[in-house]
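Visitor: Provided herewith is a single structure, encoded as C-alpha cells, for subsequent inquiry.
Just so it is clear, none of the values below were taken in a lab; they were calculated from the coordinates. Fair warning: this is a prediction, and the values are worked out from it, not measured in the lab. Heads up, the Cβs are rebuilt from the backbone with ideal geometry, glycines too, and the neighbour counts pull from every protein chain shown.
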Amino acid sequence: MSMAHTAKSIGANVFQFYTRNPRGSAAKDIDPQDAADFVACQRSGEIGPIVAHAPYTLNACSDDPSKRAFAKRTMADDLRRMEFVPHNFYNLHPGSHMGQGLETGVAQIAEMLSEVMKPEQTTTVLLETMAGKGREVGSRFEELKMIIERTALGERLGVCFDTCHTWDSGYDVVGSLEAVLEEFDRVLGLERLRVIHLNDSMNARTSHKDRHAVIGAGKLGEEAIVRIINHPNLRHLPFILETPNELEGYAREIACLRAQWHG
Ligand code: FE
Ligand code: FE
Ligand code: ZN
C-alpha cells in the first residue's frame, strides 16, 4: 500500500486518510493484494494502527432525510471496506443538527450508528471531539457521552481527541491539561480515548472556529503540545497531524516531535 510507503518516508508509523472525496462519491475498488500487503506490513510492526476518516461532509443529523440516508449508506460501505484491513479505526464527525436541536441530533446520530455498526466488525468507530462551529454536535464530552449511551453497540465506540477542536470548544489543554483529562475520564472514561489529532489552533480558546495551525505557530504553542505527547495517559496513543503542511512540513514536524517525545 503506497500510503504506508509515504508515511514511512516522512518518519511516520501511523497515518490517517479520507475514505473518499468530500462529496462522498464512490470510492475505488479495493485491490485484495494491496490490502493483504498492508496487513502484512502492519503485522510486522512497521506501521501501527491507521485511521480512516469519513468524508467531513457526511451529516448523520441533517434536517434533510436524503442526506441522512446518504450518510448512512456511505458509512456502511466504508465500514464494510475497512474489514479488508481489520482492527483499525474509522473516525467520524458526529454531525451538525442544522437547528433541529441537540436532542434530535444526538438521536439521529445514535440511530445511524446503531444501524451501521455490526457485532462482528473489527473496526473501532471513533467519534471526534468537535470545535462547536455552527450547530456541530460533539464539542462537549457530555454530547459524545449521550451518543454513546444511545447507540446499540455504544460500548464499542471510541473517541478521537482533536487538540485544536477541544481548545476551540473551550477546554484549556494549554493551562489545565490534567483537569481536561480528568474531566474526559469522569464523563467518557479514558479507556475510550484511542487517537489524538495533534493540531495547533489559529484562534483563541472557546473561539469555536476550527482553523488548524502548524505545531508551534498557533495559540497552543509547542510547549503545550510537547506536554500532550508526553502525558502518561496519552504518550502511547497514535498521534495524527492535521496541520496545514505539505509532506516536507510533516516530516519536519514529526522529527521535531519525536526528538521531544520520551515514549
Ligand atoms: Fe476530523
Ligand atoms: Fe481532527
Ligand atoms: Zn478541524
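Visitor: Place a label point 7 angstrom from the Cα of L190 along the Cα-to-Cβ direction, then list the residues of region 222-245 whose backbone nitrogen is under 12 Å away.
Guide: 231-237
Visitor: Tell me, S201, S169, S66, S114 in order of fewest to most beta-carbon neighbours within 10 Å?
Guide: S66, S114, S169, S201
Visitor: Let a ≥ b ≥ c be the square roots of the eigenvalues of the Cα gyration tensor of region 31-137; is it rounded (a/c under 1.5), or, if not, prolate (a/b larger than b/c) or oblate?
Guide: Cα axes put region 31-137 in the prolate bin.
Visitor: What is the distance in Å between the Cα centres of region 215-259 and region 88-112?
Guide: Cα centroid of region 215-259 versus Cα centroid of region 88-112: 28 Å apart.
Visitor: Given the -39500 (n - 2.57) contribution per DSSP H run of 4+ residues, what per-residue ellipticity at 222 nm results for the chain, rounded to the nearest 500 deg cm²/dmol?
Guide: The helix contribution divided over the chain gives -12000 deg cm²/dmol.
Visitor: While we're here: If you add up the charges near R252, with Lys and Arg at +1 and Asp and Glu at -1, over every other residue whose beta carbon is less than 13 angstrom from its beta carbon, what do you get?
Guide: Combined, the nearby Lys, Arg, Asp and Glu give -3.
Visitor: Let me ask you something else. Can you tell me which of A26, A60, A131 moves the most in a GNM of the chain? Springs connect C-alpha atoms under 10 Å apart.
Guide: A26
Visitor: Exactly which GluC sites (Glu not before Pro) in region 77-143 are in a DSSP loop and have at most 12 other Cβ atoms within 10 Å?
Guide: Passing both the DSSP loop test and the Cβ count: E120.
Visitor: While we're on this one: What is the antiparallel percent of DSSP beta bridges lying wholly in region 3-259, to the nearest 5?
Guide: Approximately 15 percent, going by the DSSP bridge assignments.
Visitor: If you take the square roots of the eigenvalues of the alpha-carbon gyration tensor of the chain and sort them as a ≥ b ≥ c, do you get rounded (a/c under 1.5), prolate (a/b over b/c) or oblate?
Guide: Because a/c hits 1.5 or more and a/b fails to exceed b/c, the chain counts as oblate.
Visitor: Compute the length gained on full extension between E149 and A179: take 0.36 nm times their separation in residues and subtract their Cα-Cα distance, giving the result in nm to one decimal.
Guide: Here the segment from E149 to A179 would lengthen by 8.5 nm.
Visitor: Just to be sure I understand: with springs between alpha-carbon atoms less than 10 Å apart, which residue in S62, S44, S176 has the highest mean-square fluctuation in the Gaussian network model of the chain?
Guide: Residue with maximal mean-square fluctuation among S62, S44, S176: S44.
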